[in-house]
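Just below is one structure, and these are the notes that go with it.
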Amino acid sequence: MRGMNDLLPAEAPLWEWFEARIADWLRSYGYQQIRTPIVEYTELFVKGIGEVTDIVEKEMYSFEDRLNGEHLTLRPEFTAGVVRAAIEHNLTYDAPRRVWSMGPVFRHERPQRGRYRQFHQVNVEAIGFAGPDIDAELIVMLARLWQILQLPKVRLQINCLGQAAERAAHRADLIAYFERHESALDADAKRRLHSNPLRILDTKNPALAEVVDGAPRICAYLGEASRAHFDGLQQLLTAAGVEFGVNPRLVRGLDYYNLTVFEWITDALGSQGTICGGGRYDPLIERMGGKPTPGIGFGMGIERVIELLKDGGQVDIAPGCDAYVLHQGGATRTHAFLVAERLRDAGLDVVLHAGDASMKSQMKKADASGAEFAVIIGEAELQADSAAVKALRSGAAERAFAQQSSVPLAQLADALIEALQAAETPLQ
Ligand code: ATP
Ligand code: MG
């Protein structure tokens, strides 16, 4: 299906590696996982994301349940569902809460590199903290992740959207400004001029760059408290050594943001360069029926990060198992079957050859499997209660079994484990 991808076995190890790093990284900051359904009532997203947004206007996969007529939508982002769950299970009463999720989201967009219809996000929400310390922590945490992943240069942009009253004053001036320049606007911008003029600043149409550049900036409308919040954030980022740029046009796609908004951008992916975006949404929880509770979070596009990981070529992922067990059929097949089980008992990852094939063809399969060792159980080995071991990769493991050598079965698991451990210690 257009814009929806299969993840094939060749690429799965990179995703698994990424997902394991994500889980460790989030744990190190005290985040706990929350998993919400992929389907929610359409109303939830309309209310939670805002009617005049790209997502709600044209990107949602919505349908009517044939059996009961309910209006449902495949989640286009995580925050609305996570906030719903937090309200429903009283997590907002026990706030503060630090939660994360990972999984597919769905948006009907024009598919292109880095833009899909089913894609995946890591989503993080910190509920119950007013900031700006938590705002800074989330951003510093992301800077650490890029280091862990060794991503090539990603830039940070931040902005402050202030509070509702400040945005209202800005909005009035923004409308007046764009009305004066209406002839320079495109159809989307004209439509949004009165419903959501802030979103015009977020346009992807380069023809609007000039008129958008001259528009009134929200920073000029911030009151003392908002300015203090933004200053506090910048001080902490500077203290932590995280570089940032203030982008007065950064408003983010969703309606519910206030105060801090941020994006991490790379130049390495062409025009789909935003790998992570987030911000504060203090009004949202109350608007969705919870008690007033501040919140901040971000969504990260996994496909785009994976693309960067591939480009960087920094990640070395061994796709193979520890041992591939070969046999000559007949009694050696049963024996090999049991030897493989004993090796797995010892904690090794083992693939047992299935079916009949010549030794030569099995050896080719063993090599292609990426296994570190071939463990051969032939007639002679069956009689001698041993296995022939052959190292398939170069390196220390190979030195431990320079030639094909015969190992008594009783010592096989230990010998393989020792050789694998030696292989992990680089030569000085
Ligand atoms: P964009 O401006 O690129 O459309 P967005 O503002 O709609 O992004 P968010 O809603 O903030 O994106 O989603 C968080 C992240 O998810 C983005 O920063 C991006 O990395 C990723 N993302 C968004 N849309 C897609 C998509 N269609 N395919 C792949 N990744 C996406
Ligand atoms: Mg979008």
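The values are calculated or read from the model by the stated rules, or taken from the named source; none is laboratory data. Remember, predicted model here, so these are calculated numbers, not experimental data. Ligands, DNA and RNA are excluded from the accessible area calculation, which covers all protein heavy atoms including side chains. Shrake-Rupley method; radii C 1.70, N 1.55, O 1.52, S 1.80 Å.
Helical content of the chain, expressed as a calculated mean residue ellipticity at 222 nm, amounts to -11500 deg cm²/dmol (DSSP H runs of 4 or more residues, -39,500 (n - 2.57) each, divided by residue number, nearest 500).
Expressed as an acute angle from 0 to 90° and rounded to the nearest 10, what is the orientation of the C-alpha long axis of helix 164-180 relative to the principal long axis of the chain? For 164-180 against the chain, the angle is about 80 degrees.
For the chain, the longest principal axis of the alpha carbon atoms and the long axis of helix 331-345 meet at an angle near 50°.
Pull up the cross-link candidates among the aspartates and glutamates for residue 360, meaning alpha carbon to alpha carbon under 20 Å and not fewer than 8 places away within one chain. By straight Cα distance, residue 360 reaches 322, 372, 379, 381, 398. Per atom type, the range 1-150 shows carbon and sulfur on 50% of its accessible surface, probed at 1.4 Å. Of the accessible area of the range 323-422, with the probe set at 1.4 angstrom, what percent is carbon plus sulfur? C and S atoms contribute 52 percent here. For the chain, what does the alpha-carbon gyration tensor say about shape, rounded, prolate or oblate, given a ≥ b ≥ c as the root eigenvalues, a/c under 1.5 as rounded, and a/b over b/c as prolate? Prolate, because a/c is 1.5 or more and a/b exceeds b/c. Can you say what percent of the DSSP beta bridges in the range 323-422, counting only those with both residues inside, are antiparallel? Round to 5. Here the antiparallel bridges make up roughly 50 percent for the range 323-422. Listed here are the pairs 153/204; 47/310; 58/291; 47/204; which of them are more than 27 Å apart at the Cα? Violating the 27 Å limit, Cα to Cα: 47/310; 58/291.
Between helix 302-312 and the chain, what is the angle of the helix's C-alpha long axis to the longest principal axis, kept within 0 to 90° and rounded to the nearest 10? On a 0 to 90 degree scale, this one is about 60. Averaged over its residues, the chain has an accessible area of 49 Å² per residue, based on protein heavy atoms and a 1.4 Å probe.
Taking the DSSP bridge list for the chain and keeping only pairs wholly inside it, about 80 percent are antiparallel.
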